[in-house]
Every structure is written in structure tokens, then in C-alpha cells.
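Below: the structure, in C-alpha cells.
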Amino acid sequence: MSAYKQRNLGIISLPTDIKYRNWSKDLTKRRIENDSQLEQYIKYDNKYRLNKNTLAVYEFKQNPILGKYKAVAFDLNRGIVLSQKSTHAMMQGLMRHAVPCRTLRYDLAENASSRGWS
């Protein structure tokens, strides 16, 4: 049993069948549009944020999946997440919410003054 499964009590929301072991951008699009077995793993979330459980993100902005989804994220807890946001917008959201700029500026200033650099 993997360390992840042990820590999280076996909760993994991604397909575990051997035929889903390998993924690529092309396979992702083909499988989501044509493989009915994946329906149980797919979530639709236009407010999805990248997080520590995000394994991979594919951009489909130029050729959206199912005609409207610009990004697909593989998330250990949520499964396969389809979003109308682009991966660029997802990255901006991560940066905006991961490290508050005010806190970072304060920490840098405090560190500089404690070393006599101010």
C-alpha cells in the first residue's frame, strides 16, 4: 500500500484500473469524450483551484473538451476536474491565494532589518 493511501485512508478519486495508468493530453481528451467508465471520476468545477493534491493540468483552450472546458486537472481527492477556466487563470488563482503578498513583503522587510540590511 502506498504512503498516500495509508495517510488518507485509501481515498483516491482517480481511476485505478491498469488501462488508465498512462495519460497524455490527447488520451485525456479522447477518454473524457468517449469513455463512459470515466463518468464516475469526472467533476465539473469552474472555481477549481490548484492545490497540493493536483497531479497534472492540461490546457484545452484552443480546442475545448466537450465544446466548453478549457482545462482538465487530475486531483487525488476530487478526481478528474473539468473547468471552463484556463490553466493560466488557475495558476493566477494559486499565486493569489497561496502566499499573500502583504505577508511576504512584511517577512522580507523584517528579515532585512534584523540583519541590518535596511
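The values are calculated or read from the model by the stated rules, or taken from the named source; none is laboratory data. Being a predicted model, the structure only gives us computed values, none of them experimental. Every residue, glycine as well, gets a Cβ built from its backbone with ideal geometry; the counts of neighbours run over all protein chains shown.
Screening residue 95 on (1) surrounded by fewer than 16 Cβ atoms within 10 Å (Cβ to Cβ); (2) within 14 Å of residue 29 (Cα to Cα) shows it passes everything except condition (2).
Residues of the range 57-66 that are in a loop (DSSP other than H, G, I, E, B) and more than 11 Å from residue 29 (Cα to Cα): 61, 62.
Filtering the range 67-76 to residues that are surrounded by 15 or more Cβ atoms within 10 Å (Cβ to Cβ) and outside any strand (DSSP E or B) leaves 70, 76. The condition of being exposed (fewer than 12 other Cβ atoms within 10 Å of the Cβ), touching a strand residue (DSSP E or B) at 6+ places or on another chain (Cβ under 6 Å) and touching a residue at least 12 places away in the same chain (Cβ under 8 Å) holds for only one of 82, 55, that being 55. Here residue 73 clears all of (1) modelled with pLDDT under 95; (2) out of contact with any Lys or Arg (no Cβ under 7 Å at 6 or more places or on another chain) except the condition numbered (1).
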